[in-house]
Amino acid sequence: MSQYHTFTAQDAVAYAQQFGGLDDPSSLVEAQEVGDGNLNLVFKIFDNQGVSRIIVKQALPYVRCVGESWPLTLDRARLEAQTLVEHYQHSPQHTVKIHHFDPELAVMVMEDLSSHKIWRGELINNVYYPQAARQLGEYLAHTLFHTSDFYLHPHAKKAQVAQFINPEMCEITEDLFFNDPYQIHERNNYPAALESDVAALRNDDQLKIAVAALKHRFFSQAEALLHGDIHSGSIFVADGSLKAIDAEFGYFGPMGFDIGTAIGNLLLNFCGLPGHLGIRDAAAGREQRLIDIQQLWTTFAERFQALAAEKSRDAALSVPGYASAFLKKVWHDAIGFCGTELIRRSVGLSHVADIDTIRDDEMRHECLRHAITLGKALIVIADRIDSVDDLLARVRQYS
């Protein structure tokens, strides 16, 4: 049995040589740490020609940017690996491939995606990938349908729910999404200029009741195996290709959470683009984000309904019209969760580069205010937004 220790670059190379599955393991000679390293160590492993061939990722036992006062379970590495393996079975073209996993060391060896780029950076730079939104919709449809009651036998579904219990990581989500932004908390992180905007969140009883309902759904609705943190920073893109990574928040929850998180990050980019490009030059990019949202949801809904018609195994859930009715509930959930993503990324601990890297302070503050205002509106009126066209109209209304 392996004993946990924090990997060095040399450890990562040796591990990749052993478990990377290359025909000539000795060709792997060098490791370079990449990423922010707050939750995990991530190493690119290079061969003797200087080509990155394998990724080695190890979970850390605490949040590095906070310190040992915020410990994290190493079991999240198991949950991440098993979530990605499960999702790969149903959407291999859009999920990173896991070659090997060691639960004791909290280490996984995975497919190298050096030919791809992080989608968030490309969105900020206004680089457009025409198929990305549809591909994300396909990924969500296949992974959520095939891990739901529509497809799984009830016994298998209940066994998987137990397998993917993820209380420690879910608690982080519960705090950051549904608690911290609506109270005074040391983890919150926002400019002093926004104090009145944030105080308004804390004092809005209607908003907090709606957030409480969303949190309750997150607690109680084990609809499918979620990625749990599917945002533009956990997606790699290339021409014609999209791959989801970083599923350590994976667990069985409401389908709308994954969809809402994905839409929310597209809207964060929508809010931030004027700070990067200027208001006039940002107009086309912002309109494209709205088209992306439309394509994401339309692709998801159409593919999910097609899968339900073809593959649903439960007699009651196979009744014509039920899948469509169910998706209306998923849609309303997604709008609410989208709103919580907008607010928590503006007020809470973990921000996004779409807004945080805006150099002009006044413009950055305006983009944050826009995200907060839009997020609040979506949470409160989620049940009244009945279609993606209605959502886009509401977004334009608050812009």
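Details
- Any hit, region 134-148, residues being open to solvent by 40 Å² or more (accessible area, probe 1.4 Å) and touching a Phe, Trp or Tyr at 6+ places or on another chain (Cβ under 7 Å): no
- Among the residues making up region 135-182, those that are over 15 Å from the mean Cα position of the chain (by Cα) and among the small types (G, A, S) are S148, A156, A159, A162.
- Some residue of region 20-28 being within 18 Å of A247 (Cα to Cα) and of a type in the set (D, E): no
- Applying the set (1) more than 29 Å from Q295 (Cα to Cα); (2) at pLDDT 95 or above to L214 leaves exactly one unmet item: (1).
- Qualifying residue in region 239-247 (condition: over 22 Å from Q160 (Cβ atoms), open to solvent by 10 Å² or more (accessible area, probe 1.4 Å) and of a type in the set (S, T, Y)): yes
- Only one entry of A81, A133 meets the criterion of being in contact with a helix residue (DSSP H, G or I) (Cβ under 8 Å, 6 or more places away or on another chain) and either in a helix (DSSP H, G or I) or farther than 30 Å from R303 by Cβ (or both), and that entry is A133.
- Of all residues making up region 179-193, the number that are part of a helix (DSSP H, G or I) and surrounded by fewer than 21 Cβ atoms within 10 Å (Cβ to Cβ): 4
- Hits in region 122-133 (condition: open to solvent by 30 Å² or more (accessible area, probe 1.4 Å) and of a type in the set (G, A, S)): none
- Test: residue in region 53-71 that is touching a helix residue (DSSP H, G or I) at 6+ places or on another chain (Cβ under 9 Å) and assigned to a loop (DSSP other than H, G, I, E, B): no
- Of all residues in region 334-358, those being part of a loop (DSSP other than H, G, I, E, B), within 19 Å of D258 (Cα to Cα) and open to solvent by 10 Å² or more (accessible area, probe 1.4 Å) number 2.
- Qualifying residue in region 42-50 (condition: acidic (D, E), free of Cβ contacts under 8 Å to residues at least 12 places away in the same chain and either surrounded by 19 or more Cβ atoms within 10 Å (Cβ to Cβ) or assigned to a strand (DSSP E or B) (or both)): no
- Candidate set: region 84-117, residues that are open to solvent by 20 Å² or more (accessible area, probe 1.4 Å) and assigned to a loop (DSSP other than H, G, I, E, B); chosen: the one farthest from L140 (Cα to Cα): E104
- Of residues in region 202-237 being open to solvent by 20 Å² or more (accessible area, probe 1.4 Å) and of a type in the set (A, V, I, L, M), the one nearest to Q163 (Cα to Cα): A222
- Of residues in region 2-41 being hydroxyl-bearing (S, T, Y) and touching a residue at least 60 places away in the same chain (Cβ under 8 Å), the one surrounded by the most Cβ atoms within 10 Å (Cβ to Cβ): Y15
The values are calculated or read from the model by the stated rules, or taken from the named source; none is laboratory data. Owing to the predicted nature of the structure, the values given are computational and were not obtained by experimental measurement. FYI the Cβ positions are ideal-geometry reconstructions off the backbone, even for glycines, and counts take in every protein chain you see. Only protein heavy atoms, including side chains, enter the accessible area calculation; ligands, DNA and RNA are left aside. Shrake-Rupley method; radii C 1.70, N 1.55, O 1.52, S 1.80 Å.
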